[in-house]
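The values are calculated or read from the model by the stated rules, or taken from the named source; none is laboratory data. It should be emphasised that the depicted structure is a prediction, and the values quoted were computed from it without experimental measurement. A quick note on method: Cβ atoms are made from the backbone with ideal geometry, for glycine too, and the neighbour counts reach across all protein chains shown.
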């Protein structure tokens, strides 16, 4: 792995960021609108409810944490697709850049954008709702974040593998995959509230454990670390399988001449 | 020394039964400082061959060695020393000219890439455009930018697929001179495809002609043109055009006529005989042009044979 080549790809994507309004919207705009709409709705419901239960922290926490999955996934997939839109994919893979270096660069960009989004949402939730996720989750932040980041990376690589297999025609999945996974991940509601058949899917998704523990911390200031360790192991398993899948799909794309057709 | 060696290269797509053979057991080499033209009609296997040489497509069978090293096992080491430019590959259009070139300077780990790029963009007359977005460039300017990218790492081996496709004649000339100078001064080896046969004749030392995935001819451009036995004799008659036509008809020459001009397709060695017959018949022409076969004629003949088969 050559750092210089990884940096080259990272900088290439950072160059276009300031002149891409849609990317600004993905990083700042849409997440902030989500925070605003959901936050205001829940605030209204909370103010008109006799319950002492703090819905707002649960929902805002869910929204901010969900972006930790969305941003790496989207950056990894969209930046890969962007090379095809630009007819630049062959330039990259005909250079000394390796698959591992390229994926590492995409992951770094995803993590950079994720932190920018999370920090901006944190500022927004402090200003609008007086809720600070860093203060609320304190030392538990790293293990919660790591689990969500790895899952986001896994989804991004999975989408890229599908594109290598089925071509640019399946690019829509780069936007849709998080929406498909979200209902099963217990982002805004507890696992126990779901129908049994949905629960069976949810328990094999690492984010479920993260969001369950997020709520446990908010409501009882306790954490079941074993659940997060289990989520971490699941995440590692999925990540390794997805990297293997990507690698196989990449080589198959070379074998069947699909890589050049992506251009 | 052979910079590139291709041995028994075959690429099949699709299932073993009913599949399609894009490249069919080809072997060739490219020496240091040599410009090798890869020619052929559409679907001949040129681009698939280039894709394999760049590591973008895996061969079905066969061996590719560059700089004396097997490609698959030494991909990074080899690709660092080569580069390419193709008409069907672009650069990110929302990046500025210098941003694109810096990206590839870093990707190829060029030591002094900023200085190197400054020299390149001056040589390719892009210096004033360095701060422009790539999508604002004309097609000719884009082609020059792609060529800058192709030379950014001072490659020992350069693959150029239609490098002058969208260039004005003067810029095409500049590019050809640039390539020839690189070959002369730095012993760069070039694999070159173009549909401009005059250009291929001008710059290639040797030409490989592909058809249906197979090498059908390999020679110098002049050597290939010598394989065409026919030439065209253009005769202008101020008088006696009808008599001349009658004579050509009697001797069963293949000809066509427009106004005062007769165009005869004839074997080069029989031109003397034709002129003798005209002289004996006292048919005087006011002007004569003999068009010798060019690489384009060879190209057309191969395509014609392809269509007939």
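Are there any helices (runs of 4 or more DSSP H) wholly within segment A:1-74 with 3 or more residues that are in contact (Cβ under 8 Å) with a residue 40 or more places away in the chain and crowded, with 19+ Cβ neighbours inside 10 Å, and if so which?
A:3-16, A:30-47
Among A:211, A:219, A:230, A:250, which is more than 14 Å from chain B (Cβ to nearest Cβ), part of a helix (DSSP H, G or I) and crowded, with 16+ Cβ neighbours inside 10 Å?
On inspection, the qualifying residue turns out to be A:211.
Evaluate segment B:4-19: report whether one residue or more is under 26 Å from residue B:101 (Cβ atoms) and either touching a residue at least 60 places away in the same chain (Cβ under 8 Å) or assigned to a loop (DSSP other than H, G, I, E, B) (or both).
Yes; the residues of segment B:4-19 include at least one that is under 26 Å from residue B:101 (Cβ atoms) and either touching a residue at least 60 places away in the same chain (Cβ under 8 Å) or assigned to a loop (DSSP other than H, G, I, E, B) (or both).
Can you confirm whether residue B:74 is part of a strand (DSSP E or B) and either more than 9 Å from chain A (Cβ to nearest Cβ) or closer than 22 Å to residue A:260 by Cα (or both)? Outline the logic, then answer.
On the way: part of a strand (DSSP E or B): no; either more than 9 Å from chain A (Cβ to nearest Cβ) or closer than 22 Å to residue A:260 by Cα (or both): yes.
The answer is no for residue B:74.
Report those helices (runs of 4 or more DSSP H) wholly inside segment A:85-176 carrying at least 3 residues which are out of contact with any strand residue (DSSP E or B) (no Cβ under 8 Å at 6 or more places or on another chain), within 14 Å of chain B (Cβ to nearest Cβ) and touching a residue at least 60 places away in the same chain (Cβ under 8 Å).
Because the criterion is at least 3 residues that are out of contact with any strand residue (DSSP E or B) (no Cβ under 8 Å at 6 or more places or on another chain), within 14 Å of chain B (Cβ to nearest Cβ) and touching a residue at least 60 places away in the same chain (Cβ under 8 Å), the helices (runs of 4 or more DSSP H) in segment A:85-176 that meet it are A:89-93, A:99-129.
Restricting attention to segment A:66-83, which residues are closer than 22 Å to residue B:76 by Cα and more than 10 Å from chain B (Cβ to nearest Cβ)? It would help to see each step written out before you state the result.
Step one: filter segment A:66-83 for residues closer than 22 Å to residue B:76 by Cα, giving A:80, A:83.
Correct list: A:80 only.
Determine whether segment B:80-98 contains at least one residue that is within 12 Å of another protein chain (Cβ to nearest Cβ), without any contact (Cβ under 8 Å) to a residue 40 or more places away in the chain and either buried (at least 24 other Cβ atoms within 10 Å of the Cβ) or farther than 30 Å from residue B:125 by Cβ (or both).
no
Looking at (1) modelled with pLDDT under 95; (2) away from every other protein chain (no Cβ under 14 Å); (3) assigned to a helix (DSSP H, G or I), can you tell me which one residue A:188 breaks?
Here residue A:188 meets the rest and fails (3).
Kindly evaluate residue B:45 against the criterion of being surrounded by fewer than 21 Cβ atoms within 10 Å (Cβ to Cβ), at positive phi and more than 9 Å from chain A (Cβ to nearest Cβ).
no
State whether one or more residues within segment B:59-71 are within 11 Å of another protein chain (Cβ to nearest Cβ) and in contact with a strand residue (DSSP E or B) (Cβ under 7 Å, 6 or more places away or on another chain). Reasoning before the result, please.
Let us first name the residues in segment B:59-71 that are within 11 Å of another protein chain (Cβ to nearest Cβ), namely B:59-60.
Filter once more, keeping what is in contact with a strand residue (DSSP E or B) (Cβ under 7 Å, 6 or more places away or on another chain): B:59-60.
Yes, that holds for at least one residue.
Just checking, how many residues over segment B:118-146 are in a helix (DSSP H, G or I), within 14 Å of chain A (Cβ to nearest Cβ) and within 23 Å of residue A:17 (Cα to Cα)?
The qualifying residues number 6.
Residue by residue, here is whether (1) at pLDDT below 95; (2) over 29 Å from residue A:16 (Cβ atoms); (3) touching a helix residue (DSSP H, G or I) at 6+ places or on another chain (Cβ under 8 Å) holds:
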site: B:7; (1), (2), (3): no, yes, no
site: B:16; (1), (2), (3): yes, yes, no
site: B:61; (1), (2), (3): no, yes, no
site: B:65; (1), (2), (3): no, yes, no
site: B:72; (1), (2), (3): yes, yes, no
site: B:76; (1), (2), (3): no, no, no
site: B:79; (1), (2), (3): no, no, no
site: B:106; (1), (2), (3): no, no, yes
site: B:109; (1), (2), (3): no, no, yes
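Quick grid of which residues meet (1) closer than 18 Å to residue B:41 by Cα; (2) surrounded by 16 or more Cβ atoms within 10 Å (Cβ to Cβ); (3) touching a strand residue (DSSP E or B) at 6+ places or on another chain (Cβ under 9 Å):
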{"position": "B:158", "(1), (2), (3)": "no, yes, yes"}
{"position": "B:169", "(1), (2), (3)": "no, no, no"}
{"position": "B:185", "(1), (2), (3)": "no, no, no"}
{"position": "B:228", "(1), (2), (3)": "yes, yes, no"}
{"position": "B:240", "(1), (2), (3)": "no, yes, no"}
{"position": "B:244", "(1), (2), (3)": "no, yes, yes"}
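Quick test of your reading of the structure: residue A:179 fulfils all but one of (1) loosely packed, with under 14 Cβ neighbours inside 10 Å; (2) assigned to a loop (DSSP other than H, G, I, E, B); (3) within 17 Å of the chain's Cα centre (by Cα). Name the failing condition by number.
(2)
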